[in-house]
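The values are calculated or read from the model by the stated rules, or taken from the named source; none is laboratory data. Nothing here was measured: the structure is a model prediction, and the numbers come from that model. Because the Cβ atoms are built from the backbone with ideal geometry, glycine has one as well, and the counts that use them run over all protein chains shown.
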Amino acid sequence: MNTQKILIIVPALNEEKLIGDLVREIKAAYPYDVLVINDGSLDQTAVYAVQAGAKVVTHPYNLGIGGAVQTGFKFAEKEGYKIVVQVDGDAQHDPRYIQPLIEPVLKGQFDLCIGSRFIKPSDTFKSTFIRRIGIRFFAVLLGWLTGVHVTDPTSGFRATGPALIKPFSTNYPVDFPEPETIKIAKRLGAHVGEVPVQMRQRLSGHSSIRYFRTVYYMIKVTIAILIDALRRNK
C-alpha cells in the first residue's frame, strides 16, 4: 500500500508545549502524513504543528474530541487515505506503536484496531482506580452487546481501515466517542480487535474525564451504546 495513503490524525486543544515535538517524533519514525486538528486552541498549537511539518485543520471554536476526530476522517475520505491512525495531542500515545496498530489493518484482520494498555500492563503508566472500573464496565457491556471482547474500549490510540473511514466521516459520536464507535463498527459489520501498546505519562494539562464527569461519562456513553444497539444498519 502507498504509504502516502496512511494518515496520522492528532486532535489537539491548547497543546503548544507538546505538539511540535510529537509531530517531529512521528515524522522521524514514519513516512506517513500527519494531520493536526487544532480544535479551537487559544495558544500557538497550530503554528508549532505547521513548523514541525504537519498539515493543520483549525476549528474556529472547540468542537470536542468527537468533532475533531470526525474532521480527521472527513479529510481522509476526501483525500483518499486508506488507513487513519488516531494519536492524542498530549503525547501519551507512544508513536513506536503506530506500526503495530497498522499491521492488522493492512493484513485485513481488523477494520478497527485498538491499542490496549491492559494486554501487557505497564509499570510506567497507571490509570486511576475509578477509570479502571469504567473501562472494565464498558468492556463487559460491549462484550455482551457485540461479542467483541476488548480490554481497553476507551483507548483513543487506534487505527481505522477503509471500510470505516467514510461511515465515521459522516457519523461520529460527539462526546467520549471511543466505546460507542466500537458498537457502531460492529453494527456496520466491521472486524474489531486490539494489540498491546504502552502509554506514557501525561506531561502537560489534564484529562477531560475527572471527578463527577466520570459518572456523567459512564451514564451518557452507556445510553448512547444502548440506543445504537436498537438501530439497524441501512
Tell me, please, whether a residue that is in contact with a His (Cβ under 8 Å, 6 or more places away or on another chain), buried (at least 23 other Cβ atoms within 10 Å of the Cβ) and in a helix (DSSP H, G or I) can be found in the range 103-111.
no
Residues located in the range 143-169, provided they are touching a His at 6+ places or on another chain (Cβ under 8 Å) and either in contact (Cβ under 8 Å) with a residue 12 or more places away in the chain or within 25 Å of residue 9 (Cα to Cα) (or both):
156, 157
Output the qualifying pairs, or none if there are none: Cβ atoms under 8 angstrom, residues six or more apart or on different chains, first residue in the range 207-234 and buried (at least 16 other Cβ atoms within 10 Å of the Cβ), second residue at pLDDT below 65.
217/209
Strands (runs of 3 or more DSSP E) wholly inside the range 15-90 that include at least 1 residues being under 19 Å from the mean Cα position of the chain (by Cα), in contact (Cβ under 8 Å) with a residue 60 or more places away in the chain and under 21 Å from residue 104 (Cα atoms)
83-86
Does the range 140-173 hold any residues that are β-branched (Val, Ile, Thr) and part of a loop (DSSP other than H, G, I, E, B), and which are they?
148, 150, 151, 154
Hey, can you tell me all the residues within the range 142-152 that are farther than 14 Å from residue 112 by Cβ and either crowded, with 20+ Cβ neighbours inside 10 Å or among the hydroxyl-bearing types (Ser, Thr, Tyr) (or both)?
151
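Considering the range 58-84 alone, what residues qualify as being among the β-branched types (Val, Ile, Thr) and buried (at least 17 other Cβ atoms within 10 Å of the Cβ)?
First, pick out the residues of the range 58-84 that are among the β-branched types (Val, Ile, Thr): 58, 65, 69, 71, 83-84.
65, 69, 71, 83, 84 - these are the residues of the range 58-84 that are among the β-branched types (Val, Ile, Thr) and buried (at least 17 other Cβ atoms within 10 Å of the Cβ).
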